[in-house]
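Notes follow once the structure below has been shown.
Every read-out reported here was derived from the displayed coordinates using simple, explicitly stated rules and does not represent laboratory data. Note that the structure is predicted; figures quoted are calculated from it, not measured. Methodologically, a virtual Cβ is constructed for each residue, glycine included, from the backbone with ideal geometry; neighbour enumeration extends over all protein chains shown.
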Amino acid sequence: MSKNLIEKAASRLREPHASNGFPPPGAARVPDAPGPDAPIPLAVPVHRPQPAAGDDAPGQSIDRARLRRLGVMTPDDERTQIGEQFRLLKRPILDNAFGPPASRLPRGNLVMVASSLPGEGKSFCAVNLAISIAMEMDRTVLLVDADVERSKVLHYLGLTARHGLLDILRTPELTVGDALVRTDIERLTVLPGGTPYKRATELLASEAMRKLVRELASRYPDRLILFDSPPLLMTTEATVLAAHMGQIIVVVEERQTPQDALKKALAMIAGLPVSGLVLNKSTARHRDYYYDAV
Ligand SMILES: Nc1ncnc2c1ncn2[C@@H]1O[C@H](COP(=O)(O)OP(=O)(O)OP(=O)(O)O)[C@@H](O)[C@H]1O
Ligand SMILES: [Mg+2]
């Protein structure tokens, strides 16, 4: 994947955003995280979560060692290279969601991490972004695993759950609260994909799903709801999900995502609020990221 492609893709995004009065989208570079044998970066504690007042139920413990093995940032890693990249990426997303009213996007707190094809790093970016946002003092984040056929979020975080998104959609007796997984990162809550179901696609495209997404967005207006999603070119539900979103982040894998695939994926979400492109698995070792206003 050449930088040119990103620039081309980015310029394709310029017009709709300008005409809609959206803040300029950006493209961020996320480094290839160190593999299991790479030295573990020195942890710099930046925040020690305290239990919220009146909320004494402990959240499930997120496995920090596992996060590091997978190259995912931990709450103590904001100053590492990976932490820095996601800090840059989250800023415009948070501004679009919670900035001054004049520059906020409609339903800007609903954010989908999308990409054209499998394996480009949607789940990786969604989990990193969620952890990074949860480190903000005044924000909470709900990470929703909407890639229900190949749910990865629980696996990344080392969590377990009984219910998830598909269970809520299928079972009227279940409420959202029954499926939420609170974690020991105080401001990070997870809604897992749920029990596999053969008609999952229909459920995700249903009116119940639309209502659920709206409910999630409005119940806690100061909470960012981040959706990990299936690849746009492989499933129809990704496009349906995209239509509910206030912001869409498109992950591109350096030197892997074919130009045609990216073009097709962008065409599928044309007219929707794409607010950034992430160049993932970049092998550039320098600290140089770019965050072009496009
Ligand atoms: N920046 C990165 N550094 C190191 N490993 C990465 C990076 N991004 C992704 N990976 C790894 O690449 C693999 C694919 O990533 P991931 O599962 O996030 O892709 P995906 O787009 O969610 O795929 P799918 O569409 O199949 O769900 C995983 O093993 C993940 O840990
Ligand atoms: Mg995934």
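Hey, fewest Cβ within 10 Å first, where do 82, 249 land in order?
With the fewest neighbours first, 82, 249 line up as 82, 249.
Which length gain, in nm to one decimal place, applies between residue 95 and residue 220 when the Cα-Cα distance is subtracted from 0.36 nm times their residue separation?
Gain on stretching residue 95 to residue 220: 43.3 nm.
Would you order 237, 202, 120 from fewest to most other beta-carbon atoms within 10 Å of each residue's own beta-carbon?
In increasing order of surrounding Cβ atoms, one gets 202, 237, 120.
Full extension from residue 206 to residue 236: what is 0.36 nm times the residue separation minus their Cα-Cα distance, to one decimal in nm?
Fully extending the segment from residue 206 to residue 236 adds 9.6 nm.
To the nearest 0.05, what FRET efficiency results for residue 182 and residue 243 with a Förster distance of 30 Å applied to their C-beta separation? The partial results should precede the final answer.
Details: r = 29 Å, r/R0 = 0.97.
E(calc), rounded to 0.05, equals 0.55.
Would you please give the FRET efficiency between residue 263 and residue 152, computed as 1/(1 + (r/R0)^6) with r the Cβ-Cβ distance and R0 = 25 Å, to the nearest 0.05?
Calculated value: 0.45.
Sort 206, 229, 103 by Cβ crowding within 10 Å, fewest neighbours at the top. Can you show the working numbers first?
On the way: 206 15, 229 26, 103 12.
Fewest-to-most ranking of 206, 229, 103: 103, 206, 229.
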